[in-house]
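The values are calculated or read from the model by the stated rules, or taken from the named source; none is laboratory data. These numbers come from a predicted model, not from an experiment. We place every Cβ from the backbone using ideal geometry, glycine too, and count neighbours over all the protein chains shown.
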Amino acid sequence: MSTLLVRHAKILVTMDDHRREIPDGGLFARDGFIEQVGPTDQLPASADEVLDLSGHILLPGLINTHHHFYQTLTRAVPAAQDANLFNWLKTLYPIWARMRPEDIRISTQTALIELALSGCTTASDHLYIFPNGSRLDDEILAAREVGLRLHASRGSMSLGQSKGGLPPDSVVEDEAYILKDSQRLIETYHDPNPGSMTQVVLAPCSPFSVSSELMRQSASLAREYGVHLHTHLAETQDEESFCLQKFGYRPVGYMEVLNWIGPDVWFAHSVHVSQQEMHLYSETGCGVAHCPGSNMRLASGIAPIMEMLSQGVRVGLGVDGSASNDSSHMLGEVRLAMLLARLNAGLQGASLSGEGTPPLMTARQALEIATRGSAAVLGRTDLGSLEPGKCADFFAIDLNRLEYTGSLHDPVAAVVFCSPVKVDYTVVGGKMIVKQGQPVPVDLPLLVEQHNRASLRLLRNE
């Protein structure tokens, strides 16, 4: 059993129940789990590996609750730069239909390394398109080479244009096959134990790309095996109109009819939700993956995150797809979450006629959403904070850098308020993924070269 001693962090942010922030802090971990957290002088004097973090801030690993790794291949595509969600999708579906298994592998590793360099230690990815022999296995195996924890969502699309859906028929799958493959993936890869590196999630893509029957069958299968459910929901007003016209319900009401409500479910976005629907989330334990960058990029709207938090809704953070965010920077997303919530508060306050403005999201609240909040959304009681019994997942940033000058009176707030940076260390289960600002598991220049070559092939249809 290997041990890790981390010591002399300028400040260690625990995110524990007391929200302790420990000066000259550190932790001691054994075999990937934390045994002690506290001031350096109260920790053991030695370990198999010792990491001195003098001058660094140390925080729990950020947890990404919604992503589409494959979309790193189609960033900033000209025809999709200025489109709303539905037109953006129609532009990109034909390009994604050209992907091969090696494209899934390369894009997975690219996204995970980018996430690791921004402080992320666990990521949930939603892969719902499987052209040319691609499988979710390609993503899972590629992720294992990188070393971040993965919640691999077996996405699906079955409702093509000929049946009234949005995607072209060329990218949808047979529903019987989807369910059979979902069962295979759970039985092959899902690990529910503490410290799990891989969990499988069932994730039909959206109300406008799958049938009601597939949603119901997926929920039944997930509950038979005890895995979580995930889908896009209430992202745009177009989606709301689609659901009302086709199903006779608003998106959240449609989920309720399909038995897609409960503590084992989380929805990406939830931008267009009512007070009653937020109350339903709170009462039933539904989680939300907040994706501020993507919502701004696609002009989808501003999710009412502060209202959700005030009602007790579980809220986590997601960078969303790298073709609707064009980035996989978790720390940058934390900053966007805070700023967008403040903008929303200002917009609401302007109409309150002197009654006072709504509360502003703080830097620490934004960090909490991306750590404790995200862990709760994914159902991970072993992640989200630095305390005994939790996984040794954390990141550290050297505070002696240009971006933080003039802000060291509050370094915790500085990592959110100031310009997003690349981290200096990212550790997952006691193992270094980023060391001194460089990714450990991959040859980064080679990965960038391979990724760019794959991207150009897709865009040129070669």
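Structural remarks
- Qualifying residue in segment 439-447 (condition: over 19 Å from the mean Cα position of the chain (by Cα), in contact (Cβ under 8 Å) with a residue 24 or more places away in the chain and closer than 14 Å to LEU62 by Cα): no
- Residue match in segment 382-393 (condition: within 30 Å of GLY285 (Cβ to Cβ) and among the hydroxyl-bearing types (Ser, Thr, Tyr)): yes
- Flag not set for ILE104, criterion: within 19 Å of the chain's Cα centre (by Cα), surrounded by fewer than 24 Cβ atoms within 10 Å (Cβ to Cβ) and outside any strand (DSSP E or B).
- Any hit, segment 154-165, residues being touching a Lys or Arg at 6+ places or on another chain (Cβ under 7 Å), in contact (Cβ under 8 Å) with a residue 40 or more places away in the chain and either part of a helix (DSSP H, G or I) or more than 30 Å from CYS418 (Cα to Cα) (or both): yes
- Any hit, segment 121-128, residues being closer than 16 Å to LEU447 by Cβ and touching a helix residue (DSSP H, G or I) at 6+ places or on another chain (Cβ under 6 Å): no
- Among the conditions (1) touching a residue at least 40 places away in the same chain (Cβ under 8 Å); (2) over 13 Å from PHE394 (Cα atoms), the only one that GLY38 does not satisfy is (1).
- Look at segment 387-402: where a residue is more than 21 Å from ALA375 (Cβ to Cβ) and a partner is acidic (Asp, Glu), sitting 6+ places away or on another chain with Cβ atoms under 8 Å, you get ASP398/ASP424.
- When restricted to residues that are over 23 Å from SER274 (Cα atoms), in contact (Cβ under 8 Å) with a residue 60 or more places away in the chain and touching a strand residue (DSSP E or B) at 6+ places or on another chain (Cβ under 6 Å), segment 205-242 contains 2.
- Residues of segment 358-376 satisfying the condition of being at pLDDT 95 or above and either of a type in the set (Lys, Arg) or within 17 Å of ALA413 (Cα to Cα) (or both): MET361, THR362, ALA363, ARG364, GLN365, ALA366, LEU367, GLU368, ILE369, ALA370, THR371, ARG372
- Contacts under 7 angstrom Cβ, first residue in segment 418-430 being more than 11 Å from THR121 (Cβ to Cβ) and acidic (Asp, Glu), partner part of a strand (DSSP E or B) and at pLDDT 95 or above, 6 or more apart: ASP424/HIS56; ASP424/ALA396; ASP424/ILE397; ASP424/ASP398
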